[in-house]
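Throughout, read-outs are computed from the coordinates displayed, never taken from laboratory work. A quick note: this is a predicted structure, and the numbers were derived from the prediction, not measured. Note: ideal-geometry Cβ built from the backbone for every residue, glycine included; neighbour counts use all protein chains shown.
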């Protein structure tokens with residue numbers, strides 16, 4: 001079985017998920033390029049990366065399950081890893097930006 | 001039903017490549033160092049997604065291992081750079 005002869009129950013949801021994931025990632029990166037301030041720019045990639053990765057990996061699980069005729073879920077590992085580490089990167093970068101902009105000084 | 005998935009794969013790949021171009025623009029232009037680190041973070045995630053699309057296209061599992069490695073090392077790199085901006089050194093004594 002190849003990609004062209006995939007059954008419809010897997011091909012249609014996978015195509016939809018791929019299109020939605022690609023659009024989410026593109027909109028997030030557009031926000032990174034277009035927005036004015038660093039603290040505004042932070043939001044775009046955080047949304048786009050996490051949701052785009054999630055959608056694409058669910059589509060990948062669907063396609064490989066339909067291709068192999070048995071459940072294959074090892075792609076979930078990447079989703080789990082990205083969903084765990086993306087907020088940590090965002091938090092470290094946000095604290096670095098606050099530190100560098102000098103917005104929060106200690107009153108003592 | 002023929003080929004809708006292939007067209008969707010091409011569309012998603014185009015979206016990820018455009019997103020990589022936008023991240024490159026911010027990486028080259030970004031006024032502060034934190035902007036560049038954020039752009040690098042977006043860049044490696046998009047590269048990982050392009051590799052995943054290649055993996056779906058070819059039907060082999062090698063690309064997923066490469067994508068997992070890219071996610072792992074990209075996270076370590078981004079956190080190290082952010083920690084350097086925050087504290088002035090990466091591994092504190």
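Quick one: in segment A:1-10, which of the residues that are at the interface with chain B (Cβ under 7 Å from one of its Cβ atoms) and touching a residue at least 24 places away in the same chain (Cβ under 8 Å) is farthest from residue A:86 (Cα to Cα)? In this case the residue turns out to be A:6.
Where helices (runs of 4 or more DSSP H) fall wholly inside segment A:25-108, the ranges with 3 or more residues that are touching a residue at least 60 places away in the same chain (Cβ under 8 Å) and over 11 Å from the mean Cα position of the chain (by Cα) are A:43-68. Does residue A:61 satisfy the criteria of being more than 7 Å from chain B (Cβ to nearest Cβ) and either within 27 Å of residue B:55 (Cα to Cα) or buried (at least 19 other Cβ atoms within 10 Å of the Cβ) (or both)? Spelling it out, residue A:61 is indeed more than 7 Å from chain B (Cβ to nearest Cβ) and either within 27 Å of residue B:55 (Cα to Cα) or buried (at least 19 other Cβ atoms within 10 Å of the Cβ) (or both). Note on segment B:62-91: residues that are in contact with a helix residue (DSSP H, G or I) (Cβ under 9 Å, 6 or more places away or on another chain) and part of a loop (DSSP other than H, G, I, E, B) amount to 3. Within segment B:57-80, if we keep just the residues that are surrounded by 20 or more Cβ atoms within 10 Å (Cβ to Cβ) and more than 14 Å from residue A:85 (Cβ to Cβ), the residue that is farthest from the other protein chains (Cβ to nearest Cβ) turns out to be B:63. The residues listed here are A:20, A:73, A:56; of these, the one that is crowded, with 16+ Cβ neighbours inside 10 Å and more than 7 Å from chain B (Cβ to nearest Cβ) is A:20.
The residue of segment B:15-56 that is nearest to residue B:86 (Cα to Cα), among those that are surrounded by fewer than 19 Cβ atoms within 10 Å (Cβ to Cβ), over 14 Å from the mean Cα position of the chain (by Cα) and at the interface with chain A (Cβ under 7 Å from one of its Cβ atoms), is B:32. Hey, among the residues in segment B:1-14 that are in contact with a helix residue (DSSP H, G or I) (Cβ under 7 Å, 6 or more places away or on another chain) and in a helix (DSSP H, G or I), which one's farthest from the other protein chains (Cβ to nearest Cβ)? The extreme case among them is B:13.
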